[in-house]
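The structure appears below as structure tokens.
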Amino acid sequence: MNTKLESTPPDQRKATTRTVAMPADTNPAGDIFGGWVLSQMDIAGGIAASQRAQGRVVTVAIDGMSFIKPVRVGDILAVYTSVTRTGRSSMDILIEAWVRRGQIGSREKVTQATFTFVSVDENGGALALPPIDQVPAYDNDTL
Ligand SMILES: CC(C)(COP(=O)(O)OP(=O)(O)OC[C@H]1O[C@@H](n2cnc3c(N)ncnc32)[C@H](O)[C@@H]1OP(=O)(O)O)[C@@H](O)C(=O)NCCC(=O)NCCS
């Protein structure tokens, strides 16, 4: 089994965003654009990163992007995040997107990637992350 595609243990990841794939986001074949899914992952990663940084963040890298299964119109796309590494100002966020087919159907993982975000100041320069004990806790029920 490809370990890069293993899921984060559910207790370590946070349900960060949830939305519905709409017809406006399709390609001519009727499937949802990969770029739309990627942008949903970037939005969720940005939320997780800014909560860890307690401030403004920018995306600097996307690693190991895997499109595993297609997303279709009407699917509910849920994006899960977990902070897997922190440096001085940078952090890696493992991001997984899952769908519920036809809004109520079976649940499948559709994409996974590790995004790197950097905490930045008001001028866009790298800013040290706060110590973890200065970051307020939040959980899956308080989006
Ligand atoms: C993020 C940014 C401010 C960093 O500036 P910089 O001069 O490289 O700053 P530094 O060299 O001090 O690096 C800061 C941190 O970013 C990390 N970093 C920078 N570029 C990186 C990359 N491509 N991949 C992974 N990490 C990176 C560094 O390793 C460092 O991490 P650390 O503080 O945890 O040790 C700058 O690269 C930037 O503004 N990039 C554009 C981001 C952006 O606009 N994103 C949206 C695109 S639409």
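First check a/c for the range 17-81, with a ≥ b ≥ c the square roots of the eigenvalues of its C-alpha gyration tensor; if it is under 1.5, answer rounded, and if not, answer prolate when a/b is larger than b/c or oblate otherwise. It is prolate, given that a/c is not under 1.5 and a/b is the larger ratio.
Residues with beta-carbon under 10 Å from that of Leu129, excluding Leu129: net charge, scoring Lys, Arg +1 and Asp, Glu -1?
Details: positive: Arg52, Arg88; negative: none.
Around Leu129, the surrounding residues sum to +2.
In a solvent-free Debye calculation with one equal scatterer on each Cα, what is log10 I(q)/I(0) for the chain at q = 0.10, 0.15, 0.21 Å⁻¹, listed in the order of the q values? At q = 0.10, 0.15, 0.21 Å⁻¹ the computed log10 ratios are -0.35, -0.75, -1.26. For the chain, the longest principal axis of the Cα atoms and the long axis of helix 34-53 meet at an angle of about 30 degrees.
How do 84-92, 13-21 rank on mean C-beta neighbours within 10 Å, highest first? If you can, show how the numbers build up before the last one.
Working: 84-92: 15.6, 13-21: 18.2.
So the peptides 84-92, 13-21, ranked by packing, come out 13-21, 84-92.
Net charge dipole, the chain: roughly 280 debye, given to the nearest 20, about the Cα centre with Cβ charges of +1 for Lys and Arg and -1 for Asp and Glu. Rounded to the nearest 500 deg cm²/dmol, what is the calculated helix-only ellipticity per residue at 222 nm for the chain, with -39500 (n - 2.57) per DSSP H run of length n ≥ 4? So the helix-based figure for the chain works out to -5000 deg cm²/dmol.
Taken together, the values in this text are just the output of simple stated rules run on the coordinates, not laboratory data. All values derive from a computational prediction rather than experimental measurement. With ideal geometry, Cβ positions are generated from the backbone for all residues, glycine too; neighbour counts draw on all protein chains shown.
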